[in-house]
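Where a number appears in this text, it was derived from the coordinates with a stated rule and is not lab data. Keep in mind the model is a prediction, meaning the values are calculated, not measured. Positions of Cβ are generated from backbone atoms using ideal geometry, with glycine treated the same way; all protein chains shown enter the neighbour counts.
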Amino acid sequence: MRLTVIGCGYVGLVTGACLAAAGHEVHCTDIDRKRIDMLKAGKVPIYEEHLDEVLRRAVAEKKIFYTADASEAIRAGDVIFICVGTPPKESGEADLSAIDHVAREIATFAQGPKLVVEKSTVPALTGVQLQKALGAYSRDGSIRFEVASNPEFLREGTAVGDFFHPDRIVVGVENEKSAQLMRNIYGPILERKFHCPVHQGKCPTATGELLITTINSAELIKHASNSFLALKISYANVISDLCERIGADVEQVTHAMGLDPRIGTQFLKAGLGFGGFCFPKDIQAFIHLAGTVGVDFGMLKAAESVNKQRIERYFEKIHKALWVVRGKRVAVLGLAFKANTDDIRFAPALEVVRRLLEEGAEVYASDPEAMTKTKALFPDVKYYEDPYEALKQADAALVCTEWKSFREIDWDRAGKSMTRRLVIDGRNLYSPKKMQELGFEYYSFGRP
Ligand code: UGA
């Protein structure tokens, strides 16, 4: 099939690349000309594991095309995926101006019927507005636009694997014709007719389900899923605070809880809390949406406030351990909002760095992927590719992101070059017993 992807960010590029790998002809466009130029030059503007390989193969097989000309891209595809940003406004409400802009472009440039698919995370009822906008902006109303909602459940860092091996594909449509088009698009994914770069022939056997719903339900499924995961993390964090007061171990508690299949072990990791461009803005938008229809989503407000307090909890530990922060040399390990990404948007680590600088610390940072982006925000921080370099002469090490390479640090070696053997672990990466045996003063969340 001939598909168009508007917006070449995380969602758009992964969607475009993987649908091209599934055999479709994909035309990608973006308002940012530099991004398109980079893609044309064979460079990938974001760090996402395996994405470069999937794009390279799609280009070689002439399945993916990039253009800065939106009209050309819109005319090329029968189905158009909208993958533009929906950032939060001051009020928490999602800013849908980019979606509105794209709707106007589609209505202006389309020369034949189109199925317009919302892939960006949008609040419920956006589909209704999109349908109205397409009608209102079209020149003479002669072209038929159908709308569908196809929320993405990709996690940054494992997005390519998530796309190729989804646990569910949700498609909200208005009629059977659109449902059939979407089944045709995802058929090769569900039937495994693509080259998977992630598992080298050893793909998981379970296949996901394609669920056909109404557009309103599809929109709600996305927000309800993300919010539930955020609730789970905040729940674990409150349990962690309780463990500290009572003298229990949060890892033991959440592990045992998670063995109940109704609860599950994932997303119960206590620590600095959630960040990124999805959870914080999605729960704000969901709270806002609920408010507009007279539903008070109190429990989600509580989850949000628990998450905001995580930094405060962390600084209580920092102050307890370091006493005065001013003039201290502090190594910050991890800047990205989570491991395996260069994304620093709403990263808890950035708030930690901001407060450390405000309190007069000298900050030495290391992150495998996120340093380039962070340098622009914090030019006064010193950056090191090698975490052992950042740790030299440090009065304390603060671990803010759960990177595997940090999990594997040889603390005995690092400790020899540190001024003081002190680790304040925001992600519970190490065994308190082992750290103590190595002579470290070690603080983490919810563990004795
Ligand atoms: C999240 C969802 O997991 C995806 O399903 C969804 O598609 C995506 O948002 C989106 O809406 O686009 P993502 O933001 O990439 O994906 O990140 P997650 O892996 O969900 O992690 C979010 C944050 O929670 C990270 O800061 C992570 O460190 C934190 N976290 C995660 C915890 O603090 N504890 C946990 O137990 C798990």
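A few points about this structure:
- The alpha-carbon of residue 114 sits under 24 angstrom from the alpha-carbons of these lysines, leaving out residues fewer than 8 places away in its chain: 62, 63, 132, 177, 222.
- Farthest towards the positive end of the charge dipole of the range 211-300, among the residues 247, 273, 283, is the Cα of 283, using unit charges on the Cβ of Lys, Arg, Asp and Glu.
- Rel. contact order, % - alpha carbon contacts under 8 angstrom, at least six apart, the chain: 12
- Backbone geometry of the range 362-370 corresponds, through the Karplus equation with coefficients 6.51, -1.76 and 1.60 at θ = phi - 60°, to 3J(HN,Hα) couplings of 8, 9, 10, 10, 9, 7, x, 10, 9 Hz, x marking Gly and Pro.
- Shape parameters for the range 45-190, alpha-carbon atoms, Rg then Dmax in Å: 16.0, 45
- The 3J(HN,Hα) values that the Karplus relation (6.51, -1.76, 1.60; θ = phi - 60°) gives for the range 58-66 are, in residue order, 5, 5, 4, 8, 6, 10, 10, 9, 10 Hz. Gly and Pro appear as x.
- The fewest-to-most ranking of 411, 403 by surrounding Cβ atoms within 10 Å reads 411, 403.
- Global form of the range 309-448, assessed from the alpha-carbon gyration tensor, a/c cut-off 1.5: rounded
- Residues in the range 170-185 reached by a label modelled at residue 206 [backbone nitrogen below 17 Å; 7 Å Cα→Cβ]: 170
- Amide H within-cut-off set for residue 116, under 5 Å, with H built and near neighbours excluded: 80, 146, 147, 148
- Taking label positions 7 Å along the Cα-Cβ direction at both residue 386 and residue 62, the computed distance is 4.9 nm, reported to one decimal.
- Percentage relative contact order, the range 1-91, counting C-alpha pairs under 8 Å, at least six apart: 44
- Rounded to 5, percent antiparallel among DSSP beta bridges of the chain: 5
- If you run the Gaussian network model on the chain, springs between alpha carbon atoms under 10 Å, then out of 431, 227, 178 the most flexible one is 431.
- A cut-off of 5 Å between modelled amide H atoms, ignoring neighbours fewer than 5 places along the same chain, links residue 425 with 399, 443, 444.
- Each listed q (0.06, 0.11 Å⁻¹) maps to a log10 I(q)/I(0) for the chain from the Debye sum over equal C-alpha point scatterers, namely -0.29, -0.93.
- Cα long-axis angle, helix 10-21 against the chain (0 to 90 degrees, to the nearest 10): 60
- With the cut-off at under 20 Å, measuring from each backbone N in the range 189-225 to a point 7 Å along the Cα-to-Cβ line of residue 180 picks out 189-191, 210-215.
- Couplings for the range 77-85, taken from phi via the Karplus curve 6.51 cos²θ - 1.76 cosθ + 1.60 with θ = phi - 60°, read x, 8, 10, 10, 9, 8, 10, 8, x Hz in order; Gly and Pro are left as x.
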